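The values are calculated or read from the model by the stated rules, or taken from the named source; none is laboratory data. Just so it is clear, the model here is predicted, and its values are computed rather than measured. Here the Cβ is made from the backbone with ideal geometry for all residues, glycine too, and neighbour counts use every protein chain on show.
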């Protein structure tokens, strides 16, 4: 069948050439061939025809007819004007109806006589929404809808609310401004074009998330380069140094039940720029104040729920290293001292450190990082989210962070926390954005903007009973701020 389709135009061409030879006897050296459909979308078609003649011939007009019926009773005429030279010509129409079968044919007019070519058919395509992104966006910002066969008359609705269309590009992409919510957090996304309604597969979601300012921290300090971890509904934060350059020697504990911060009994040395896991391991860093000389601290600790236990020191000096828990132990990688890709694994049963294969690139804790399902995730300064598998030592980019980065300003200091199969990422320096990434659906959703002081340093993030808790040190404020976030509340 495919071969016949290829041969048919040749047979038609030969028959038309034969027709010309017959017409020469009658003084008419001319024939018109309708060739093919070159490009086809919902309302637009580009087709070609051919003037067959043995020499130049002056045509007053040439072009194409399009019709919904085979008899061309009410045709659309596309006139291309005068022409002299025989050969191929191309015409374009942009006003076809969606999802319809059309008949079309080429024509030419010579000395007042119109000559028609053979009749071909085409079927215009129905419109379709393939995706839109981001799937969550703030009112007044824009989203991009991608699809096929979208007409220039397209209207976009978020639920029942019509949105402002910024631009429509080439029938497959619409940029639209997000309208105010009608009171619903999740609404259908609809496009109407050429009288046809089409819906996106997923609903559009207005940003959710309600922040609540909690009680003040008990000390008039602003921590930095500190550690933090969580055990059950007990939150811990401390060490590092105070923004006014004084060392912080204490670790505080907070309970959501009592809503009180209290000091714990930690008798170790200073750990500034230490590595730490999210469950109670910490160590390394510098053991003195911020002024030179700076001496690395080789102590390694674990809080067992009652007391801080000293563990075997790591084999390297670690400052600003990344650490994460996987495979029943602790991995420590990179940092600012030594080789930035070195990886060691601490086995808590054997109480030994084991050298592992190097990471494929240098890392330190200036890069936002978190662990999920025994893998490490790192967000680099190009907004790539990397997945690192400690079992294979391989890394790959899985997605791109959709938030704002301003080089040297908002591309450091961010924070992230995993809750179930979702991770919440953002709150970079000079930035009040927070985004949710769903690992199961592989989509990003924007949360409501953070209402607290910006710029600030994130010095602790925890979660309990559906709430996320964020401890921040404003760069120009008197004391730390403590907030809770209900990420799904609208």
Taking the conditions exactly as written (outside the structural domain of residue 30 (by TED's automatic domain parsing), free of Cβ contacts under 8 Å to residues at least 24 places away in the same chain, on the phi < 0 side of the Ramachandran plot and touching a strand residue (DSSP E or B) at 6+ places or on another chain (Cβ under 6 Å)), does residue 156 satisfy them or not? no
Within the stretch 102-118, which residues are surrounded by fewer than 17 Cβ atoms within 10 Å (Cβ to Cβ) and either more than 17 Å from residue 75 (Cα to Cα) or in contact with a helix residue (DSSP H, G or I) (Cβ under 6 Å, 6 or more places away or on another chain) (or both)? 111, 112, 113
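Let's see how each residue does on (1) over 20 Å from residue 413 (Cα atoms); (2) at pLDDT 95 or above:
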| residue | (1), (2) |
| --- | --- |
| 254 | yes, yes |
| 263 | yes, yes |
| 282 | no, yes |
| 288 | yes, no |
| 294 | yes, no |
| 302 | yes, yes |
| 307 | yes, yes |
For the stretch 236-243, does any single residue satisfy the condition of being closer than 24 Å to residue 466 by Cβ, buried (at least 17 other Cβ atoms within 10 Å of the Cβ) and modelled with pLDDT of 95 or more? yes
Going through the stretch 45-71 one residue at a time, which ones are outside any strand (DSSP E or B) and without any contact (Cβ under 8 Å) to a residue 40 or more places away in the chain? 53, 54, 55, 56, 68, 69, 71
Filter the stretch 75-101 down to residues that are crowded, with 17+ Cβ neighbours inside 10 Å and over 19 Å from residue 33 (Cβ atoms) and give me whichever is modelled with the lowest pLDDT. 98
Strands (runs of 3 or more DSSP E) enclosed by the stretch 216-303 - at least 1 residues per element that are within 16 Å of residue 461 (Cβ to Cβ): 227-231, 234-238, 251-255, 260-263, 281-283
Could you check, for the stretch 127-141, whether at least one of its residues is touching a residue at least 12 places away in the same chain (Cβ under 8 Å), surrounded by fewer than 22 Cβ atoms within 10 Å (Cβ to Cβ) and within 17 Å of residue 37 (Cβ to Cβ)? no
Among the residues that make up the stretch 425-443, is at least one of them part of a strand (DSSP E or B) and at pLDDT below 95? yes
Would you tally the residues in the stretch 273-288 being farther than 23 Å from residue 417 by Cβ, within 41 Å of the chain's Cα centre (by Cα) and touching a residue at least 40 places away in the same chain (Cβ under 8 Å)? 0
Residue check for residue 378: more than 17 Å from residue 227 (Cβ to Cβ) and surrounded by fewer than 18 Cβ atoms within 10 Å (Cβ to Cβ): no
Candidate set from the stretch 317-336 (those that are under 16 Å from residue 274 (Cα atoms) and either surrounded by fewer than 19 Cβ atoms within 10 Å (Cβ to Cβ) or not assigned by TED's automatic domain parsing to the domain that holds residue 429 (or both)); member that is nearest to the chain's Cα centre (by Cα): 325
In the stretch 338-366, how many are surrounded by 19 or more Cβ atoms within 10 Å (Cβ to Cβ) and either touching a helix residue (DSSP H, G or I) at 6+ places or on another chain (Cβ under 9 Å) or assigned to a loop (DSSP other than H, G, I, E, B) (or both)? 5
